[in-house]
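One structure is given here, and the rest of the page talks about it.
The values are calculated or read from the model by the stated rules, or taken from the named source; none is laboratory data. What you are looking at is a predicted structure, and each value in this text was computed from that prediction instead of being measured. No Cβ is skipped: glycine too gets one built from the backbone with ideal geometry, and neighbour counts run over all protein chains shown.
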Amino acid sequence: MTRPQTSSRSSFPKKTRRLRFAKLPGFDMDNAPNELSFVDLQAALDRCMKEHPPTGEERRLHPDANRMADLFAVMVLERIVSVPRDTVKPSVLEAYERWRLGAPAA
């Protein structure tokens with residue numbers, strides 16, 4: 001008997017997982033619609049960290065990278081594919097928007 005084949009993405013849910021956002025860092029429950037995807041957040045975080053690598057003995061992150069990192073970590077640990085933009089804290093969303101398309105103008 002052969003086992004059914006699974007796709008390489010089978011560990012991710014087909015639908016966006018909705019968690020109790022109020023308990024997660026980087027979220028604000030007063031809002032809700034457009035989605036912020038894990039891939040987009042990762043790209044913005046990568047751009048920020050490439051432009052401003054962690055510094056010092058404690059490997060301190062740039063303030064924008066630090067804001068995005070909390071949400072990124074939750075999305076990784078909980079395997080969240082996307083979150084409603086309106087549920088993301090304004091400070092996290094502002095940092096994301098600054099790095100979304102590349103490094104901000106000096």
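Structural remarks
- Hits in the stretch 44-72 (condition: without any contact (Cβ under 8 Å) to a residue 12 or more places away in the chain and of a type outside the set (D, E, K, R)): Pro53, Pro54, Thr55, Gly56, Asn66
- In the stretch 17-70, the residue that is nearest to Leu101 (Cα to Cα) out of those that are of a type in the set (A, V, I, L, M) and modelled with pLDDT under 90 is Ala32.
- Residues within the stretch 77-99 that are surrounded by 18 or more Cβ atoms within 10 Å (Cβ to Cβ) and in contact (Cβ under 8 Å) with a residue 60 or more places away in the chain, tallied: 6
- One residue stands out in the stretch 30-73 among those that are small (Gly, Ala, Ser) and assigned to a loop (DSSP other than H, G, I, E, B): the one that is nearest to Glu94 (Cα to Cα), namely Ala32.
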